[in-house]
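Written below as structure tokens is the structure these notes are about.
The values are calculated or read from the model by the stated rules, or taken from the named source; none is laboratory data. Not measured: the values here are computed from a predicted model. Note that each Cβ is placed from the backbone with ideal geometry, even for glycine, and that neighbours are counted across all protein chains shown.
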2 protein chains.
Amino acid sequence: MTAKHRVVIIGSGFGGLFAAKRLKRADAEVTLISRVSHHTFQPLLYQVATGILSQGEIAPATREILKRQDNVEVLLGDVTTIDLSARTVTSSVGVLQTITEYDSLIVAAGATTGYFGNDEFEPFAPGLKSIDDALELRARVFGAFEMAELQQEAADAEPWMTFVVVGAGPTGVELAGQIVELSHRTLKRDFRRIDPRDARVILVEGGDGVLSSFGPKQSRRAGEQLERMGIDVRLQGMVEDVDESGVTVKYRDGSTQHIATRCVLWAAGVAASPLGRQLAEQSGAGLDRAGRVQVRSDLTLPGHDEVFVIGDMIALDDLPGVAQVAMQGAKFSAKKIRARIDGKPEPTQFSYFDKGSMATISRFRAVANVGSLELRGFLAWVAWLFIHILYLVGFRAKLSTLGHWAVAFIGRARSERTFTLEQARGALTDERERRDLEAG
Amino acid sequence: MTAKHRVVIIGSGFGGLFAAKRLKRADAEVTLISRVSHHTFQPLLYQVATGILSQGEIAPATREILKRQDNVEVLLGDVTTIDLSARTVTSSVGVLQTITEYDSLIVAAGATTGYFGNDEFEPFAPGLKSIDDALELRARVFGAFEMAELQQEAADAEPWMTFVVVGAGPTGVELAGQIVELSHRTLKRDFRRIDPRDARVILVEGGDGVLSSFGPKQSRRAGEQLERMGIDVRLQGMVEDVDESGVTVKYRDGSTQHIATRCVLWAAGVAASPLGRQLAEQSGAGLDRAGRVQVRSDLTLPGHDEVFVIGDMIALDDLPGVAQVAMQGAKFSAKKIRARIDGKPEPTQFSYFDKGSMATISRFRAVANVGSLELRGFLAWVAWLFIHILYLVGFRAKLSTLGHWAVAFIGRARSERTFTLEQARGALTDERERRDLEAG
């Protein structure tokens, strides 16, 4: 009896999880390694950040999802090293190191927030890529109103009541829209000294329009919609600096503007997992500016038929960093691995089928592009609702999410506003101010 | 027109929140100051820790609860100083200080976990008093199984599969019972290398029985029940030391025992808020060993008719640290303040009416004492279910909690297992080990 083919998957996002699922009937031993114990349903992170959903609803335990799939084991671990010649993956939790050997490797480690070389922005402008991020943003958004209420002078409350969202892709638009909903509906009666409806939401975008990937017509209409909601959309603006005093924006016409704010949310860029660099260095594959790996047309690494890279980590044919690319990449690589194990002809060319994309603008309003069909408004929103419930993992999560959506959209309340002291420390206090104070 | 009577309430627990509610019709300006933005329903914290409930379900935003009560404002802030002669309360969030004047003060700042002078145990044996604590325990409990799965040697997995709960009051018993449920039901099929059913749960108690406040008969039967569930109950044992290697227990017979464990949960002691000491020092009131203030029989501070201390912070007639004491203290002080404002005769003597107490042992089993009536088993559990749903704040929380309970008790799943990287860092890694490693 020969030993079974060993497949290692790195990551538990859409790519990693679906690769594991697609290998269900493969005659292989599959090990999925991830630095978090859950699968994060990223498209709804903004709802955890704004108090609609709990983390459990969009982040079920990976091993719970895969528990009936006997050929998969799930290991917690941050992958530190991939050794392409030894065919091993080294992962660690604290001081505990684990080395796992593979015959086939699927790297689906995703992307984190990217600051275009300005990593010093990060403490002042967190992104939204993980459950940790979402809970941090939750503390920042709800905490900002708390801080505004505490100010003696109205002028001091203003920066806390000014929310700047950088980047007008789906995440940025959804965050901005939700903050408006919060301030106008959820929090309307909650405060005594401030009026939450005075909150300003500014959406800064480097390009010529919001949601530009949806085409010029959708983009223009979405922009008008956001303006009607009271969102201050500032196009052609690049963020030059972020610190505790606010954001400095430089516009394409050469003008510069400083916005005083204490709450900046960064939805502008991505940086592929640093594992991309390791793969590139060892294989000679190219890397693009966001650190994505230039894979071959069958998603393998040059010179390494046994190594697949999928999802947000790849630079191939300008594919966008969306769930569908990761899931289809997972399906393709699993198919190829299965064919290889079974000694059958392998598919040679990955081709992405764009099932469409959508973004919510406010409750009851969304945009959706499906093929050449452009939907807007309520119809698009219903499509959004349907698709997201469909793709949420688990019947329980679907049910309780529907409940929370009813509460938030038909009612106006948010059931999951709780933020912890741990998060509040980073969000509401100012290390620099405190250090200055202590220094005298 | 004379200025309104100003009431300041410190704390948003059962005491603080219900004091504010009871002052609804008072002709007063009420300010509630709390270091957290939510009201924590402490009796269900163990369910957040063990993945049944989300934090939002048991910790709604305080200002949301009180939003329709126009005479109350809610301020976020950690109270650092109470000045009894100036009649001011100073609170802070980071560098932002707020000074609030009062005519009447209700101090309901509660208690934290107490280590009987051994605060060095804390990093290895966190307590369960706050939402932060509950999320930390969640990471420790679920994370321990993750770490066990990663070990190469079975012997190395054992300490991760050994859970020691210190203290067999309701919280300790409930935690121990839930860990058994997790290992035998929820996680049964989730792992490949370990069998979660091999987990050992050890309950260490200094006294002669578990749940001793429920009387000898209930205590004995509860003890038997726990043993049948597979919990190793060790009575008359005091914890002498806790570090990353485990727990050292000294028994009353003089013997000493070291239990190798990586997951110790501390449910053994409480320490009143340090504000108690300030009040004692300024008023000459006595303090007991747990830092509780010896108030007068009308809950006021000696020499300070205008200062009430309620809930877990008081040492009076051996009253227990339970929600009912806090809520009835809140009702009494609010009544007294209202009488004072209205120039009517004030109640002079607080008397506690014991409505009974209850604790769950496993799903479908509980103990409950109501007056001289001692309930056990399923009937007590139904009573527990009914009472807890009744007291949970908000219709939405009641509904979604019932849903999660159906999932957890009738089914076997836990919908809220998600832990963050932030929490996992503290729970699963070992700073000392890492430092040793770095030092060479």
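Restrict the check to the stretch B:24-31 and report whether at least one residue is in the same structural domain as B:Leu279 (by TED's automatic domain parsing), β-branched (Val, Ile, Thr), buried (at least 24 other Cβ atoms within 10 Å of the Cβ) and under 15 Å from B:Val309 (Cα atoms). The answer is no, given that none of the residues of the stretch B:24-31 is in the same structural domain as B:Leu279 (by TED's automatic domain parsing), β-branched (Val, Ile, Thr), buried (at least 24 other Cβ atoms within 10 Å of the Cβ) and under 15 Å from B:Val309 (Cα atoms). Among all residues of the stretch B:341-354, there is none that is modelled with pLDDT under 90 and touching a His at 6+ places or on another chain (Cβ under 6 Å). When the test is whether a residue is surrounded by 15 or more Cβ atoms within 10 Å (Cβ to Cβ), at the interface with chain B (Cβ under 10 Å from one of its Cβ atoms) and either at negative phi or modelled with pLDDT of 80 or more (or both), A:Ala368 does not pass it.
For the stretch B:395-407, filtered to residues that are facing chain A (nearest Cβ under 8 Å) and more than 19 Å from A:Gly411 (Cα to Cα), the residue that is surrounded by the fewest Cβ atoms within 10 Å (Cβ to Cβ) is B:Gly403.
Looking at the stretch A:34-64 only, could you name the residues that are of a type in the set (A, V, I, L, M) and either surrounded by 24 or more Cβ atoms within 10 Å (Cβ to Cβ) or farther than 28 Å from A:Lys336 by Cβ (or both)? Working first, answer last.
Of all residues in the stretch A:34-64, those of a type in the set (A, V, I, L, M) come to A:36, A:44-45, A:48-49, A:52-53, A:58-59, A:61.
Across the stretch A:34-64, the qualifying residues are A:Leu44, A:Leu45, A:Val48, A:Ala49, A:Ile52, A:Leu53, A:Ile58, A:Ala59, A:Ala61.
When A:Leu392 is tested against (1) surrounded by fewer than 20 Cβ atoms within 10 Å (Cβ to Cβ); (2) within 14 Å of another protein chain (Cβ to nearest Cβ), exactly one condition is not met: (1). The criterion of being modelled with pLDDT under 95, surrounded by 13 or more Cβ atoms within 10 Å (Cβ to Cβ) and over 30 Å from A:His304 (Cβ atoms) holds for A:Gly377. Yes or no: A:Ala155 in contact with a Lys or Arg (Cβ under 8 Å, 6 or more places away or on another chain) and of a type in the set (Gly, Ala, Ser)? For A:Ala155, the condition - in contact with a Lys or Arg (Cβ under 8 Å, 6 or more places away or on another chain) and of a type in the set (Gly, Ala, Ser) - is not met. Out of the residues in the stretch B:233-243 that are among the acidic types (Asp, Glu) and either touching a residue at least 60 places away in the same chain (Cβ under 8 Å) or buried (at least 16 other Cβ atoms within 10 Å of the Cβ) (or both), which is farthest from B:Ser357 (Cα to Cα)? Looking at residues that are among the acidic types (Asp, Glu) and either touching a residue at least 60 places away in the same chain (Cβ under 8 Å) or buried (at least 16 other Cβ atoms within 10 Å of the Cβ) (or both), I get B:Asp243.
Looking at B:Gly94, is it at positive phi and free of Cβ contacts under 8 Å to residues at least 40 places away in the same chain? Full working, then the answer.
Details: at positive phi: yes; free of Cβ contacts under 8 Å to residues at least 40 places away in the same chain: yes.
Spelling it out, B:Gly94 is indeed at positive phi and free of Cβ contacts under 8 Å to residues at least 40 places away in the same chain.
If only residues of the stretch A:258-283 that are part of a loop (DSSP other than H, G, I, E, B) and under 16 Å from the mean Cα position of the chain (by Cα) are counted, the one that is nearest to A:Leu319 (Cα to Cα) is A:Gly269.
Note on the stretch A:287-340: residues that are at pLDDT 95 or above, of a type outside the set (A, V, I, L, M, F, W, C) and farther than 23 Å from A:Thr113 by Cβ amount to 16. If the condition is being β-branched (Val, Ile, Thr) and either part of a helix (DSSP H, G or I) or touching a residue at least 40 places away in the same chain (Cβ under 8 Å) (or both), then the stretch A:169-204 contributes A:Thr171, A:Val173, A:Ile179, A:Val180, A:Thr186, A:Ile194, A:Ile202, A:Val204. Looking across the stretch A:75-91, the residues that are within 24 Å of B:Ala427 (Cβ to Cβ) and free of Cβ contacts under 8 Å to residues at least 24 places away in the same chain come down to A:Thr80, A:Thr90.
Do you know which of the residues in the stretch B:1-14 that are part of a strand (DSSP E or B) and more than 14 Å from chain A (Cβ to nearest Cβ) is surrounded by the fewest Cβ atoms within 10 Å (Cβ to Cβ)? Full working, then the answer.
At the first step, the residues of the stretch B:1-14 found to be part of a strand (DSSP E or B) are B:5-10.
Now restrict to residues that are more than 14 Å from chain A (Cβ to nearest Cβ): B:5, B:7-10.
Details: B:His5: 18, B:Val7: 28, B:Val8: 25, B:Ile9: 32, B:Ile10: 29.
Selected residue: B:His5.
Just one of the listed residues (A:Ile337, A:Ile314, A:Ile310) is within 21 Å of A:Pro170 (Cα to Cα) and crowded, with 24+ Cβ neighbours inside 10 Å, and it is A:Ile314.
When B:Val210, B:Val180 are checked against the criterion of being aliphatic (A, V, I, L, M) and more than 23 Å from B:Ser415 (Cβ to Cβ), a single residue qualifies: B:Val210. The residue that is farthest from A:Thr31 (Cα to Cα), among those in the stretch B:190-208 that are touching a helix residue (DSSP H, G or I) at 6+ places or on another chain (Cβ under 8 Å) and within 14 Å of another protein chain (Cβ to nearest Cβ), is B:Pro196.
Within the bounds of the stretch B:259-277, is there any residue that is without any contact (Cβ under 8 Å) to a residue 60 or more places away in the chain, over 23 Å from B:Arg87 (Cα atoms) and not hydrophobic (A, V, I, L, M, F, W, C)? No, the stretch B:259-277 has no match at all.
Of B:Leu17, B:Leu44, B:Leu53, B:Leu32, which residue is in contact (Cβ under 8 Å) with a residue 40 or more places away in the chain, in a loop (DSSP other than H, G, I, E, B) and either within 12 Å of another protein chain (Cβ to nearest Cβ) or within 22 Å of B:Leu399 (Cβ to Cβ) (or both)?
B:Leu53
The condition (being of a type outside the set (A, V, I, L, M), touching a helix residue (DSSP H, G or I) at 6+ places or on another chain (Cβ under 8 Å), on the phi > 0 side of the Ramachandran plot and in contact (Cβ under 8 Å) with a residue 60 or more places away in the chain) is satisfied by just one residue among B:Gly246, B:Gly230, B:Gly215: B:Gly246.
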